[in-house]
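The structure appears below as structure tokens.
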Amino acid sequence: MTDTPTQLFIGGAWVDAADGATMPVDDPATGEILCHVADAGPKDARLAEDAAVQAQQEWARTAPRARSEILRRAYEIILDRVDELAHLMTSEMGKPLAEARGEVAYAAEFFRWFSEEAVRIDGGGGILPDGRNRMLLSRRPVGPCLLITPWNFPLAMGTRKIGPAIAAGCTMILKPAPQTPLSSLALAAILKEAGLPDGVLNVVTTSRAGEVCEPLLRGGRIRKLSFTGSTQVGRILLAQSADAVVRTSMELGGNAPFIVFDDADLDVAVDGAMLAKMRNMGEACTAANRFFAHSSVADEFGRRLAERMGALVVGPGTRDGVDVGPLIDRTGRAKVEELVADAVERGAEVLVGGRTPEGPGSFYPPTVLAGVDPESRLMDTEIFGPVAPILTFDDEDEVVRRANDTPWGLVGYVFTEGLERALRVSERLEVGMVGLNTGLVSNPAAPFGGVKQSGLGREGGRVGIEEFLEYQYLAVPVR
Ligand code: NAP
């Protein structure tokens, strides 16, 4: 902790907020303050914007190989410091160390992937139909970007945006979530060490997100917004982006269905459920939110899932052997408690969990609810906690209709041994991603993103860099 930067990172320098403001960072396992970091205001945002705008032209001209190698070096530094970064992440966010190490490796992988993509930015060209005119197509960086990230994956949500932005030749301002600024500040220090020129990345930590970001979006100099967070905030930012016609990528909320057919291998389905529900204590946009089990297997599936969930060890993420850390804060936990209470009032049976433990921190136990009423609030709310509500269904058309009956469309999970059914149901689900007999879809080499109100655009994969590039078409008549 002692070496972790706590100031703003602007133009390659570590600086205090102009008005000297700071904000506390809490440890969710104890509720105690870990440290204070700079709390930026609009003036600091303006300085970060100046730095990004000033650095843009030269950065765009930097050789793709040079950009690639900076990312590659940063990837290697991150891997050298997995333990250090994992401890930092666990202390500010709560996830168990093993999961934090997994996220650090996952986060680093975006830098490796985009270091490889930086040198594969293609253009194009050709003879136009009239046979006389030629066209030359080149790809240009979209320009200075504003990147806004949530607290649930403090490092990976940053690298998933910073990686392609650097690869494409964009400069940027990163605004991390106020609960987890330390991972982003540590990342900025690593990129500086890896040779990133001053001003290319600026990090602005703040408790005043609206005041800091709105002028940037409306001001006309920021050309791109890449946001990961809730659909509710996404809508506000889309509206703010309209004035200056800012290009947007939006990774928003989810309400993932998890469907277990009567021909599913239940061992595989329960393994998948543990991953899809319990990764990050359920605080993931990809978390399975609604479990639909065929009525002939629902009891057995529920029994096995409850057994596995009940065996998980809850405690501070830094303690050996802990599987489930605290939720991000007590507000997040209160929401989970209310959703469970509502489901129970409507007749759900608690197979395991469901009781908030005494003591400090924001812990909540792994919980399985059976016989959940479809009208329960957790059916149309992101639970963001370790709660698996199970409903039953009897036929394929019915479950597809119910799975799609939501404004969100990020990911769905399908468990069946039937190939045709697997393909048919996957194609009918209104989602951007499907986990087929698996509870994990995230991979830096795959396009991550949703449809409907889960977002716009994709991150990762071959298309991840496209979000940060524009086409320039050159018309060339040949006489
Ligand atoms: P959130 O409340 O929407 O906040 C996300 C980020 O936006 C934070 O940095 C937040 O800062 C900032 N923000 C909020 N209001 C803002 C405003 N008016 N102007 C500028 N920035 C603003 O979401 P969260 O609770 O941190 O994260 C959980 C949500 O993220 C869930 O809905 C989850 O599904 C979604 N998520 C989606 C993906 C995906 O890839 N689709 C991945 C991870 C998470 P403040 O907290 O200071 O307001």
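All of the numbers you see were taken from the coordinates with simple rules; none came from a lab. These numbers were taken from a predicted model, which means no experiment stands behind them. Cβ placement follows ideal geometry from the backbone for every residue including glycine, while neighbour counts extend to all protein chains displayed.
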(message) Can you compute the charge dipole magnitude of segment 256-443 about its Cα centre, using +1 on each Lys and Arg Cβ and -1 on each Asp and Glu Cβ, nothing else charged? Give it in debye, rounded to the nearest 20.
(response) 680
(request) Taking the chain as the reference, fit the longest principal axis to its C-alpha atoms, fit the long axis of helix 298-310 to the helix C-alpha atoms, and give the angle between the two in degrees, 0 to 90, nearest 10. (result) 70
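Of all beta bridges DSSP finds with both residues in the chain, what is the antiparallel percent, to the nearest 5?
45
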(message) As a test of the definition: which semi-axes, in Å, follow for segment 256-443 when you take the square root of five times each eigenvalue of its alpha carbon gyration tensor? Largest first, please.
(response) 26, 17, 15
(message) Of 136, 203, 248, which is farthest towards the positive pole of segment 131-250's charge dipole, taken about the Cα centre with +1 and -1 on the beta-carbons of Lys, Arg and Asp, Glu respectively?
(response) 136
(message) Nearest 10 degrees is fine. How inclined is helix 156-168 to the longest principal axis of the chain, computing both from alpha carbons?
(response) 30
(message) Helix-only estimate, please: 222 nm mean residue ellipticity of the chain, summing -39500 (n - 2.57) across DSSP H runs of length 4 or more and dividing by its residues, to the nearest 500.
(response) -12000 deg cm²/dmol
(request) Count charges around residue 224 for me, please; just the other residues with Cβ under 15 Å from its Cβ, Lys/Arg as +1, Asp/Glu as -1. (result) +3
(message) In whole Å, what are the extents of the chain along the principal axes defined by its C-alpha atoms, from largest to smallest?
(response) 72, 61, 40
(request) Counting only C-alpha contacts under 8 Å and six or more residues apart, can you give the relative contact order of the chain as a whole percent? (result) 18
(message) Rounded to the nearest 20 debye, what is the charge dipole size of the chain about its Cα centre when +1 sits on each Lys and Arg Cβ and -1 on each Asp and Glu Cβ?
(response) 2160
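Just for segment 256-443, what percent of DSSP beta bridges are antiparallel, to the closest 5? Intermediate values should be presented prior to the final figure.
Details: 3 of 23 bridges.
In segment 256-443, approximately 15 percent of DSSP beta bridges are antiparallel ones.
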(message) Restricting to Cα pairs below 8 Å that are 6+ residues apart, what does the relative contact order work out to for segment 396-435? Please round to a whole percent.
(response) 51
(request) Please compute the net charge surrounding residue 278, taking Lys and Arg as +1 and Asp and Glu as -1 over other residues with Cβ under 15 Å from its Cβ. (result) -1
(message) Let me check against my output: what whole-number percent is the relative contact order of segment 256-443, with C-alpha pairs under 8 Å and at least 6 apart?
(response) 29
(request) Using only Cα atoms, tell me the angle between helix 42-61 and the longest principal axis of the chain; keep it within 0 to 90° and round to the nearest 10. (result) 60
(message) Please compute the Kirkwood hydrodynamic radius of segment 145-209 from all pairs of different C-alpha atoms, in Å with one decimal.
(response) 11.6
(request) Under 14 Å Cα to Cα from residue 43, which aspartates and glutamates show up? Leave out anything in the same chain fewer than 8 places away. (result) 16, 19, 211, 214
(request) For segment 26-118, evaluate the Debye formula with one uniform point scatterer on each Cα (no solvent term) and list log10 I(q)/I(0) at q = 0.18, 0.20, 0.23, 0.25 Å⁻¹, rounded to two decimals. (result) -0.99, -1.01, -1.02, -1.05
(request) Sort the following peptides by mean Cβ neighbour count (other Cβ atoms within 10 Å, averaged over residues), highest first: 423-430, 74-81, 407-414, 121-128. (result) 407-414, 74-81, 423-430, 121-128
